Amino acid sequence: MAESERETVLDLAAVGIGPFNLSLSALADGVPGLAYAAYDRRPAYDWHPGLMFDWAKLQVGFLADLVSLIRPTSRWSFLNYLVEHDRMYPFYIAERFHIPRREYADYCAWAAARIPGLHFGTSVDAVEWDAGRDLWLLTVREVATGATRVQAARNITLGIGTEPALPAPLKDLAGHPRVLHSGEHLHRIDALAAAGVRDITVIGSGQSGAEVFLDLIRRQKETGWAVSWLTRSWGFAPLDYSKLVLEYTTPAYMRYFHGLDPEVRDRLIASQWQLYKGIDSETIDLIHDELYDHLLDGDRPPVTLLPATALAAAETGGTDGSTLRLTTHHADTGERAVRETSAIVAATGYTARRPDCLSPVDKLIAWDPKGRYDISEGHRVTTAPEVTAGLYVQNAELHTHGAAAPDLGIGAYRGALILNAVTGTDHFPIPRRTAFQTFGPR
């Protein structure tokens, strides 16, 4: 490898440009002398386009933008975005704390197009360890041309996001033209309508499932399809947005959570699902309003909601395989039933993924017994003793930091911790008083 290819050494390289590494990039722009770059294989910034309903709102307040909870005076704040777009006074009059999701997505795209050091259309294909120079070596490829080069970095932050997850009963139907993940909904639902689908089943009762269900029943008059909604949970339950419960998504609880034994952390994550997997109450109200209108119309196709109903098996049926046969299990009665449907939207969430680019250094990374990163309180992945360069993660630490990990409100805080660690200075003041509660013994 030619030495000229390694001339520029980055202090920090970010892999993936989702909301969290975009937040890191916005904060990094204010650090003097920091050699920084971020890479994403996509041609431009885009955030959940398959669920970008015009009416959907962000589930956190607008202060959970890229920078404000750490550096509100930054030019990359949401309020400055409003100023740049001459919308400050309309926003002030609107009194919106929870902004439209499409406005937040546009704000992020605005920042992503302007923040220095961001490289879209650029894939990081491999990460290797240069023991002689104590550096990470990133094989970087331009997607459009295929040209590759090697970029050296003292630290890496992984922000590659998660990937759609299908439950085990649907694994064999992956790729079926009438089985889709909720993340694809707006990209594929028109094709299903054009194909004359007569009934659709939504599986999963988080926010995505609720929004998909609402969209489907709002389309009923035009499409004429029946809609069913199944969840294995006891009910279509709301997110818990009460103030003291929201303190469980603060840095204070995150620090406490990290100090617990791993088995305790896993138990708590399973029990605290309403912190991050429920439905916001406004969406529930909109669904109920639509169902009431359904009664008034009197002539719509049926709508069926089935709580405590788990999907046990799924298979194709009919001579052409267009019918999908679902076997369900009721949690309370133990009864099994068979239902047929023409299409399935699986609102079954996302799962963490291990990036392929880490394969060359896989044995240098400490993994826990379940194959997950071993992560410090400062979001640094534990590596072999001989690896002195930093490897950090964003939104891959649900198991070590709790329900705050995927929350947008923690993005700027986590980015500030990483940048302070990388620079070795307290460039960003870190808030310590973030909750009234004392978690655990004093």
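The values are calculated or read from the model by the stated rules, or taken from the named source; none is laboratory data. Since the model is a prediction, treat every value here as computed from it, not as a measurement. Cβ atoms come from the backbone with ideal geometry, glycine included; neighbour counts cover every protein chain shown. Just so you know, the surface numbers come from the protein's heavy atoms only, side chains and all, with ligands and any DNA or RNA stripped out. Shrake-Rupley method; radii C 1.70, N 1.55, O 1.52, S 1.80 Å.
Some observations on this one:
- Filter result for the condition that a residue is out of contact with any Lys or Arg (no Cβ under 7 Å at 6 or more places or on another chain), in contact (Cβ under 8 Å) with a residue 60 or more places away in the chain and acidic (Asp, Glu), over Glu163, Glu211: Glu211
- Residue check, Pro441 open to solvent by 30 Å² or more (accessible area, probe 1.4 Å), at pLDDT 95 or above and not assigned by the TED database to the domain that holds Trp76: no
- Each residue in region 415-441 was checked for being in a loop (DSSP other than H, G, I, E, B) and in contact with an Asp or Glu (Cβ under 9 Å, 6 or more places away or on another chain), and 5 pass.
- Picking from residues in region 26-78 that are open to solvent by less than 30 Å² (accessible area, probe 1.4 Å) and among the charged types (D, E, K, R), the one that is nearest to His427 (Cα to Cα) is Asp65.
- Count of region 360-386 residues which are among the polar types (S, T, N, Q) and either open to solvent by 80 Å² or more (accessible area, probe 1.4 Å) or under 13 Å from Glu397 (Cβ atoms) (or both): 2
- One residue stands out in region 306-325 among those that are among the small types (Gly, Ala, Ser) and in a strand (DSSP E or B): the one that is nearest to Arg198 (Cα to Cα), namely Gly317.
- Scanning region 261-305 for residues that are more than 30 Å from Val338 (Cβ to Cβ), among the charged types (D, E, K, R), part of a helix (DSSP H, G or I) and touching a residue at least 12 places away in the same chain (Cβ under 8 Å) returns Arg265, Asp266, Glu282.
- Odd one out for Leu180 among (1) more than 30 Å from Gly440 (Cβ to Cβ); (2) open to solvent by 20 Å² or more (accessible area, probe 1.4 Å); (3) not in a helix (DSSP H, G or I): (2)
- Meets criteria (in a helix (DSSP H, G or I), in contact with a Phe, Trp or Tyr (Cβ under 9 Å, 6 or more places away or on another chain) and among the aromatic types (Phe, Trp, Tyr)) for Trp129: no
- Residue in region 275-290 that is crowded, with 16+ Cβ neighbours inside 10 Å and in contact with an Asp or Glu (Cβ under 6 Å, 6 or more places away or on another chain) present: no
- Test: residue in region 107-116 that is at pLDDT 95 or above, part of a strand (DSSP E or B), out of contact with any Ser or Thr (no Cβ under 9 Å at 6 or more places or on another chain) and buried (at least 18 other Cβ atoms within 10 Å of the Cβ): no
- Residues located in region 326-345, provided they are part of a loop (DSSP other than H, G, I, E, B) and open to solvent by 60 Å² or more (accessible area, probe 1.4 Å): Ala331, Asp332, Thr333, Glu335
- Region 195-214, subset hydrophobic (A, V, I, L, M, F, W, C) and at pLDDT 95 or above, residue most open to solvent (accessible area, probe 1.4 Å): Ile203
- Answer from Val393, Val345, Val338 - the residue that is β-branched (Val, Ile, Thr), more than 18 Å from Arg154 (Cβ to Cβ) and within 19 Å of the chain's Cα centre (by Cα): Val345
- Any hit, region 228-240, residues being open to solvent by less than 30 Å² (accessible area, probe 1.4 Å), assigned to a helix (DSSP H, G or I) and not aliphatic (A, V, I, L, M): no
- Any chance Ser23 is without any contact (Cβ under 8 Å) to a residue 60 or more places away in the chain, open to solvent by less than 20 Å² (accessible area, probe 1.4 Å) and within 23 Å of the chain's Cα centre (by Cα): no
- Residues that are within 18 Å of Gly159 (Cα to Cα) and not in a loop (DSSP other than H, G, I, E, B) occur in region 369-379; there is at least one.
- Unique residue being touching a strand residue (DSSP E or B) at 6+ places or on another chain (Cβ under 6 Å) and not assigned by the TED database to the domain that holds Gly16 when the list is Leu305, Leu358: Leu305
- Test result for Thr400, of a type in the set (S, T, N, Q), open to solvent by less than 40 Å² (accessible area, probe 1.4 Å) and modelled with pLDDT of 95 or more: yes
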